[in-house]
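Student: The structure that follows is given in the form of structure tokens.
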Amino acid sequence: MAPKEKYIPSETEKSFLSTVINGKYDREIITGLKKFVDGSVPQDMQGFYSKEELDAIMELDGTDKDLLARMPVKITRHYFEQALKSKAIQTLVKASPKETYDLDGAEDPGKQMSYSPVEGLIHKYELGLIYVASTCSAHCRFCYREELIAKKEITREDGTVAAKGLAKIKDIVDYVLEHNRLVDENGGRHPETNRERLREILMSGGDPMVLGNKNIAQWLGALSEAGIESIRIGTKELAFYPERFDETFFAMLDAFHEAYPQTNLRMMVHFNHPDEFLAKDPNGNYIEHSQGGLEWIPATRASVKQFARRSWINIDNQSPIIAGINDDSDALRIMQRELKRNGVENHYFFCGRDIVGHKAFNVPIEKAWHILNESQKGLSGVEAHARLSITHYKGKTEVAAVTNTPFPGVKGGENGVVIFKLLRSAADAPDRCKVTIVGRNDEAIWFSGYDDRVIMDEAEIFSMYDIQPLTAIAAE
């Protein structure tokens with residue numbers, strides 16, 4: 001077999017890459033539970049897990065409910081220090097037996113492998129997602145990429161069984177160029193998939209910010225050369241280790257912008273709770289700033305301000321609403337207000353995904369809508385931009401409204417209806433904004449909770465599974 005061709009950077013890329021310097025970082029990461037169990041963690045970390053908590057976790061070791069097999073434990077020193085002052089952060093990062101009480105869920109959430117034309121790429125919309133890293137500086141227990149982080153084998157479309165792999169630069173560049181060539185030759189639509197040009201890429205994983213500056217720069221340069229107009233970097237590193245965003249990183253971004261001024265960058269950050277970025281006094285209360293708002297953790301605010309100084313970078317936050325972490329309208333109100341005040345847009349809040357073990361984390365859909373709706377009361381129009389999204393297999397779907405007005409004759413309708421609006425479809429862009437209406441079910445944590453109460457399904461969220469609206473059945 002002939003060796004695979006390597007990606008050859010252009011002269012512009014070479015010039016840009018020659019300026020990039022990797023930083024040096026000491027995240028002081030604790031991986032796994034062994035050091036917590038044997039007491040070899042630093043003195044101040046001892047007691048983070050109680051003996052009872054560790055015993056309950058280790059009792060499951062090697063069984064089909066093994067917590068560490070579902071999602072490895074990992075935490076940075078910075079995040080540990082914030083967790084000491086926050087029950088929400090502890091719930092986010094500490095393993096708990098409740099994760100595996102009910103292991104119902106999809107091994108490939110969103111059927112991503114159905115949209116993976118080359119290894120490490122998910123292409124559903126005008127946006128492609130690439131896996132460039134398979135880990136993060138710390139691990140959220142609710143992570144819906146648990147199959148990637150834990151390197152689990154999954155069944156692929158062709159029947160083979162293998163773990164998800166990472167993207168390679170040449171494969172991605174070749175795919176983008178060929179896809180867009182076919183789109184251009186076919187009047188703006190791909191002749192087979194009907195998709196438009198692939199013009200945005202989300203670098204994800206795992207967390208791209210665990211990579212060195214040089215590795216990130218290679219991706220930025222190659223994607224720009226391929227004609228990608230906007231590159232997103234998905235990261236939770238601002239919460240886990242804000243010191244990662246140092247002078248060498250911003251120097252790399254500045255050099256990139258000089259080389260590729262037409263490429264837009266978006267940092268898609270992931271704050272789940274204001275405890276991840278706000279400072280607290282000894283009593284655990286937020287500290288009012290003398291000039292308005294609240295005091296931030298200095299390293300986090302410094303990093304955010306560096307982004308804000310660069311007009312060609314957008315910074316957006318998105319977060320799922322997770323049980324025991326941020327299912328609190330007061331916390332979400334503070335988070336949205338403080339993020340916008342410091343130049344971070346509020347992009348999406350999400351309902352939980354149907355991952356393996358999702359029932360330990362997911363907040364009922366209607367409750368999540370009420371929490372977000374309540375949190376935005378008192379916010380200004382620009383502070384309250386975020387919508388509630390739930391990702392159906394057909395595409396990203398907004399929970400647009402939950403009503404209280406009775407809808408007689410339909411199961412659940414006596415309490416009102418839920419209106420879903422398709423924000424983007426993996427199959428066909430013109431389906432955007434089509435809606436589905438279902439009778440309410442305040443216990444539903446996934447679309448399946450509404451299978452028996454579909455009123456109208458213009459968006460075909462349910463009919464794609466041969467579930468017919470009750471109105472159509474009655475008409476028959």
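Student: Report, by residue number, each residue of the range 138-197 that is among the hydroxyl-bearing types (Ser, Thr, Tyr) and at pLDDT 80 or above.
Tutor: From the range 138-197, those among the hydroxyl-bearing types (Ser, Thr, Tyr) are 144, 155, 160, 175, 193; that's our starting set.
Tyr144, Tyr175, Thr193, listed by residue number.
Student: Restricting to the range 35-60, name every residue that is open to solvent by 80 Å² or more (accessible area, probe 1.4 Å) and closer than 20 Å to Leu103 by Cβ.
Tutor: Listed by number, the list holds a single entry, Glu59.
Student: Which residue, of Thr12, Thr91, is open to solvent by 30 Å² or more (accessible area, probe 1.4 Å) and either more than 24 Å from Gly206 (Cα to Cα) or touching a Pro at 6+ places or on another chain (Cβ under 6 Å) (or both)? Can you show your working first?
Tutor: Details: Thr91 fails: either more than 24 Å from Gly206 (Cα to Cα) or touching a Pro at 6+ places or on another chain (Cβ under 6 Å) (or both).
The conditions single out Thr12.
Student: For residues in the range 373-394 being open to solvent by 10 Å² or more (accessible area, probe 1.4 Å) and of a type in the set (A, V, I, L, M), which is nearest to Ala106 (Cα to Cα)? Working first, answer last.
Tutor: Here is the first cut: in the range 373-394, the residues open to solvent by 10 Å² or more (accessible area, probe 1.4 Å) are 373-374, 376-385, 387, 391, 393-394.
Okay, now just the ones that are also of a type in the set (A, V, I, L, M), so 379, 382, 384.
Details: Leu379: 36, Val382: 36, Ala384: 32 Å.
Applying the filter and picking the extreme gives Ala384.
Student: Can you tell me which residue among Thr76, Thr63 is of a type in the set (Ser, Thr, Tyr), surrounded by 21 or more Cβ atoms within 10 Å (Cβ to Cβ) and more than 22 Å from Lys396 (Cα to Cα)?
Tutor: Details: Thr63 fails: surrounded by 21 or more Cβ atoms within 10 Å (Cβ to Cβ).
Answer to the selection: Thr76.
Student: Testing Leu379 on (1) modelled with pLDDT of 95 or more; (2) in contact with a Ser or Thr (Cβ under 9 Å, 6 or more places away or on another chain); (3) among the aliphatic types (A, V, I, L, M); (4) not in a helix (DSSP H, G or I), one condition comes back false. Which one is that?
Tutor: Leu379 satisfies every listed condition except (2).
Student: Go through Gln218, Gln262 for me and flag whichever is closer than 21 Å to Ser134 by Cα, open to solvent by 30 Å² or more (accessible area, probe 1.4 Å) and either outside any loop (DSSP other than H, G, I, E, B) or out of contact with any Asp or Glu (no Cβ under 6 Å at 6 or more places or on another chain) (or both).
Tutor: On the way: Gln262 fails: closer than 21 Å to Ser134 by Cα.
Exactly one of Gln218, Gln262 is closer than 21 Å to Ser134 by Cα, open to solvent by 30 Å² or more (accessible area, probe 1.4 Å) and either outside any loop (DSSP other than H, G, I, E, B) or out of contact with any Asp or Glu (no Cβ under 6 Å at 6 or more places or on another chain) (or both), namely Gln218.
Student: Counting just the residues of the range 1-53 that are assigned to a helix (DSSP H, G or I), in contact (Cβ under 8 Å) with a residue 12 or more places away in the chain and polar (S, T, N, Q), which one comes out nearest to Leu84 (Cα to Cα)?
Tutor: By that ranking, first place goes to Ser15.
Student: Could I ask something else about it? Residues in the range 317-339 that are open to solvent by 10 Å² or more (accessible area, probe 1.4 Å) and under 26 Å from Leu253 (Cβ atoms): how many?
Tutor: 1
The values are calculated or read from the model by the stated rules, or taken from the named source; none is laboratory data. Keep in mind it's a predicted model, so treat the numbers as computed, not measured. No Cβ is skipped: glycine too gets one built from the backbone with ideal geometry, and neighbour counts run over all protein chains shown. Quick note on the areas: whole protein, heavy atoms, side chains included, nothing else; ligands and nucleic acids left out. Shrake-Rupley method; radii C 1.70, N 1.55, O 1.52, S 1.80 Å.
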